[in-house]
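The values are calculated or read from the model by the stated rules, or taken from the named source; none is laboratory data. Every value quoted in this text rests on a predicted model; they were computed, and no experiment measured them. Please note: Cβ atoms are built from the backbone with ideal geometry, for glycine as well, and neighbour counts cover all protein chains shown. All accessible areas refer to the heavy atoms of the entire protein, side chains included, with ligands and DNA or RNA removed. Shrake-Rupley method; radii C 1.70, N 1.55, O 1.52, S 1.80 Å.
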Amino acid sequence: MKPPKFRYVAPRTLDEVLQHLSSDPDAKVLSGGQSLMPLLAMRMATPSLLIDLQYVPGLTGIKDRGNEIQIGARVTHREIERSATLTDRVPIL
């Protein structure tokens, strides 16, 4: 099956991402595509706008913030699996 038609943007800042998200209630965010791409192909997801996060700085990394752990939107499952911080603080992940 072919995916539905949609607009594609690759913003360079988080502010641009937020502007796109607020301007279109049917927008979806793409960060890797492992789960979204099959949904598009089967037309189970039909966004009007696809926002690619690959060029947005500051969305990677796992940071220990004391009372919380911050996991960036572009962190992979493999990074979570191998993170010493998460193994110590949130072993269930």
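Brief remarks follow.
- Length-normalised contact order for the chain - Cα pairs under 8 Å, 6+ apart - percent: 29
- Counting only protein heavy atoms and a probe of 1.4 Å, the accessible surface of the stretch 7-52 is 56% carbon and sulfur.
- Candidate cross-link partners of LYS28 among the lysines, defined by an alpha-carbon separation under 21 Å and a same-chain spacing of 8 or more, comprise LYS2, LYS5.
- Candidate values (1) 57; (2) 52; (3) 70, label of the one derived for percent of Cα pairs over 17 Å apart: (1)
- Distance in nm between pseudo-label sites at THR87 and ARG43 (7 Å out along the Cβ direction from Cα): 4.7
- With R₀ set to 22 Å, the beta-carbon distance separating ASP64 from SER22 gives a calculated FRET efficiency near 0.10.
- Surface exposure of the chain, expressed per residue as accessible area with a 1.4 Å probe, stands at 72 Å².
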